[in-house]
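Visitor: Dropping the structure in here first, questions after.
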Amino acid sequence: MTESRLKIGVLALQGDFALHAKALERCGVAVVEVRKPETLAEVDGLVVPGGESTTLLRLMDEWGFVPAIEKFHGAGKPIFGTCAGLILLARDVENPRQPSLGLIDVGVERNAYGRQRESFEAAGVATLDGRETPLEMVFIRAPRIRRVGPGVETLARHGGEPVMAREGTVLVATFHPELTDDPAVHRFFCRMVEQAGSP
Ligand code: GLN
């Protein structure tokens, strides 16, 4: 399978989906905005964007997305959650406690940088495909990853803390790679999708 034939869905219920779609298009994949669970059958990977996790959770529940995304994950299809998307995919969520899909074994604390630092940009370092790359990171009312399970690989850090992690086919970031011009993180996810699709 070549990267250009990949189809990646962006959950388009609320939040930052349009910029993810643009970033993925720049990587050369076909992008589908996913508004109904049935659409998941058409795509090879899924991005769950930032937004407001409580609202996203309610909309996902209303539209029957919870079992559909569990099935998608069970079929080995990659999922990438940023910020609120990470909160939805995490095993445990605090501040306040909130249900989640639990598809990656991390514990997160919502809105964990406090009011003074609600939104900020920072330079961090990511290790993508074994290569260390500097990465510009934009944090917006971001969660912090407070616990990383034994099967989870930390792919990027900021100030020594994990801000991007992967467990199998699930990738998460506390920051917003769709808000910078650097395509490195979306490219990395496209490669994950490509690899999951090849025998
Ligand atoms: N603070 C939001 C939440 O807890 C996440 C913010 C974001 O996605 N940019 O859901």
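Visitor: Which of the three applies to the stretch 82-189, rounded, prolate or oblate, going by the alpha-carbon gyration tensor with a ≥ b ≥ c and a/c under 1.5 meaning rounded? Can you show the working numbers first?
Guide: Values: a/c = 1.75, a/b = 1.15, b/c = 1.52.
Since a/c reaches 1.5 but b/c is at least a/b, the shape of the stretch 82-189 is classed as oblate.
Visitor: Could you check the spin-label model distance between N95 and S198? Points 7 Å from the Cα along Cα→Cβ, value in nm.
Guide: Taking the two extended label points, one gets 4.0 nm.
Visitor: For the chain, what % of the accessible area comes from carbon and sulfur atoms, probe 1.4 Å?
Guide: Of all accessible area on the chain, carbon and sulfur atoms account for 48 percent.
Visitor: Quick one: putting +1 on the C-beta of Lys and Arg, -1 on the C-beta of Asp and Glu, what dipole do you get for the chain around its Cα centre, in Debye to the nearest 20? Walk me through the numbers before you get to the answer.
Guide: Numbers: 23 positive and 27 negative charges, 48 e Å.
I would put it at about 220 debye.
Visitor: If you bin the C-alpha pair distances of the stretch 58-101 every 5 Å from 0, what whole percents do you get?
Guide: Taking every Cα pair in the stretch 58-101, the percentages come to 6, 19, 29, 29, 13, 3, 0.
Visitor: Continuing with this model, one more query. Round to the nearest 10 and report in Å² the accessible area of H158, as given by a 1.4 Å probe over the protein chains' heavy atoms.
Guide: Per-residue accessible area (H158): approximately 40 Å².
Visitor: Taking Cα atoms of the chain, Rg/Rh with Kirkwood Rh, to two decimals?
Guide: Values: Rg = 15.2 Å, Rh = 16.4 Å.
Here Rg/Rh amounts to 0.93.
Visitor: Please work out the FRET efficiency for the pair V125 and K7, using the Cβ-Cβ distance as r and a Förster radius of 41 Å; give the result to the nearest 0.05.
Guide: Details: r = 31 Å, r/R0 = 0.76.
Computed FRET efficiency for V125 and K7 comes out at 0.85.
Visitor: Another question, then. So what does log10 I(q)/I(0) come out to for the stretch 141-199 at q = 0.22 Å⁻¹, using the Debye formula with one equal point on every Cα and no solvent?
Guide: Treating every Cα as an identical point scatterer, log10 I(q)/I(0) equals -0.96.
Visitor: Let me ask something additional. What is the calculated FRET efficiency for A75 to R115, with r their C-beta to C-beta distance and R₀ = 41 Å, to the nearest 0.05? Please report the intermediate quantities before stating the final value.
Guide: Values: r = 41 Å, r/R0 = 1.00.
For A75 and R115, the calculated efficiency is 0.50.
Visitor: Nearest-5 percent of antiparallel DSSP beta bridges in the chain?
Guide: Working: 25 of 44 bridges.
If we restrict to bridges inside the chain, about 55 percent are antiparallel.
Visitor: May I pose another question? What accessible area per residue comes out for the stretch 15-98, rounded to a whole number of Å², with a 1.4 Å probe? Show your work: numbers first, answer last.
Guide: Values: 3620 Å² over 84 residues.
Accessible area per residue: 43 Å².
Visitor: Let me ask something else about it. Can you give the net charge of the other residues whose Cβ lies under 13 Å from the Cβ of Q98, counting K and R as +1 and D and E as -1?
Guide: Working: positive: R58, R91, R97, R110; negative: E52, D61, D92, E94, E109.
Summing Lys/Arg as +1 and Asp/Glu as -1 gives -1.
The values are calculated or read from the model by the stated rules, or taken from the named source; none is laboratory data. What you see is a predicted model; the values in this text were computed from it and never measured. Quick reminder, even Gly has a Cβ in these numbers, built from the backbone with ideal geometry, and neighbours come from all protein chains shown. Accessible surface is based on the protein model in full, side chains and every heavy atom, while ligands, DNA and RNA are left aside. Shrake-Rupley method; radii C 1.70, N 1.55, O 1.52, S 1.80 Å.
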